[in-house]
Amino acid sequence: MGLFDVFTGKSKEEDWAKQAELQNWNDIVYTRKALDMDDPVQRREYINSCLQQMQEASRELDALELEYNDVTSHLRDMEEIDALPPEQRAEINDCAMKILESQEQQEKFARRKSRMTDEEFEHMDRLQSAAREGAKKLHEAEEYQKKIRNDLKRLDGEHEAYLYREEELHSTIENTKRLMIAISVSLVVIIIFLLFLQYGLSLNVIYGYMITILLAAVGITVLYFHNTNAVVELKSVGKSISRLIMLQNSVKIRYVNNTNLIDYLCLKYRVNSSKELSDLYDRYLKEREEREKFEDARKLLDTNEKDLVYMLRHFRVRDPEIWIHQAEALVNHNEEVEIRHSLNVQRQSLRKRMEYNRDVVAGNAKMEIEDMARQYPKYTQEILDMVSRYEEQYPEA
């Protein structure tokens, strides 16, 4: 025998031993070999143990009988329903079909991929009267925000251009001033040089004086006009810059107010944009429609269930409520057969357990007590007294 066979054989032996052990556990063994019947303590303990077994069996029988009666009642209800006239059975089947349809709608709703969470739905439900107007208002605010940003960008560009021009004009004014000073200094230097030529070297420099003064006058005049024009333009640029700043401030105020409006609307509706709010509102409308259908189906299901219970009770069905949970068996023969088979199996199992407790547990304990009374006639009265006290304490046992 191989190693696998050894382990397999051992496992089988263990299984057989366990099965035998479980079978032995079902057997109740009575033995008085080690019992001293003349000892009152041992005698009473043994009798009490038999009486306790009868009590336990009685309690178990009561519970089993209730369950057995319920199963039997259910089977009789099925027979009552099957024996109904075709017209009455058609009414029940029609009501059962309505229940199944309502249940199917509820199951579809439960299986669906939810469009919204309950929190989102409740929030939108509170604001649904103003949600569409809010989405329109938020969209307008976003469009206006784009225009304001474009205006601010354009104003910033103009402001930068004016600042650059202002800087150029300041540079022009400074440069013309320096050039005018340079021309004046050059004029003085040339005149001194011409005086030296005239008086030191006795040269005729009259034309030099004329040319020098003329060039200086032309240069200073041209520079003066440039300077004057730059100063005038600088004042105009300064005024333009001031107007731009005021206009920028006005636009910035509108920008801030519009931004605050957008932030408030987004906070109010718990979204980040008008598109998101519109999508949320559309989802809310579809969700509300589905939930209304679900609620209608639930109400219809309650109505149909009450109608079914009423009809079954009218047709002498003892437990009509249970058919609410197995309505399919009313319209599906295969389902009915399965339920009937399951009930029969349950009843067989209950009957077996009842027989075990009545015949094996209670019956053997009773026979054991009767046998003791026959074998030990001197203790018969004591045994009968114990049995009487037991029956008075547990009259239903």
> Scaled to the compact-protein estimate 2.2 N^0.38 Å, what is the alpha-carbon radius of gyration of the chain, rounded to two decimal places?
Replying inline: 2.62
> What are the DSSP H helices in the chain that stretch 15 Å or more along their long axis, judged by alpha-carbon atoms, and whose average Kyte-Doolittle hydropathy comes to at least -0.5?
Replying inline: 206-269
> Going through region 342-397, which GluC sites (Glu not before Pro) have at most 12 other Cβ atoms within 10 Å and a DSSP loop state?
Replying inline: Glu396
> Got a sec? Charge dipole of region 129-257, +1 on Cβ for Lys and Arg, -1 for Asp and Glu; which of Met246, Leu138, Val222 is way out at the positive end?
Replying inline: Leu138
> What length, rounded to one decimal in nm, is gained on full extension from His341 through to Arg353, with 0.36 nm per residue of separation minus their alpha-carbon distance?
Replying inline: 2.5 nm
> Counting Lys and Arg as +1 and Asp and Glu as -1, what is the net charge of the other residues whose Cβ lies under 12 Å from the Cβ of Tyr162?
Replying inline: -4
> In region 297-372, with Lys and Arg counted as +1 and Asp and Glu as -1 at Cβ, which of these residues, His325, Leu350, Val361, has the Cα nearest the positive end of the dipole, that is, farthest along it?
Replying inline: His325
> In nm, what is the difference between 0.36 nm times the number of residues separating Ser240 and Glu122 and their Cα-Cα distance?
Replying inline: 37.0 nm
> If you roll a 1.4 Å probe over the chain with all protein chains in place, what percent of the accessible area is carbon or sulfur?
Replying inline: 55 percent
> How about region 109-152: which trypsin sites (Lys or Arg not before Pro) there lie in a loop by DSSP and see at most 14 other Cβ atoms within 10 Å?
Replying inline: Arg112, Lys113
>> Just want the answer: with Cβ charges of +1 for Lys and Arg and -1 for Asp and Glu, which residue in Met78, Met124, Gln106 is farthest toward the dipole's positive end in region 42-155?
In response: Met124
> Any idea of the accessible area per residue across the chain, 1.4 Å probe, to the nearest Å²?
Replying inline: 68 Å²
> If you wrap a convex hull around the Cα atoms of region 62-199, how much volume per residue is inside, in Å³?
Replying inline: 280 Å³
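The values are calculated or read from the model by the stated rules, or taken from the named source; none is laboratory data. Keep in mind that what you see is a predicted model, and the values were worked out from it rather than measured. So basically every Cβ, Gly included, is an ideal-geometry build from the backbone, and we count neighbours across all protein chains shown. Areas reflect the complete protein model, heavy atoms only, side chains present, ligands, DNA and RNA absent. Shrake-Rupley method; radii C 1.70, N 1.55, O 1.52, S 1.80 Å.
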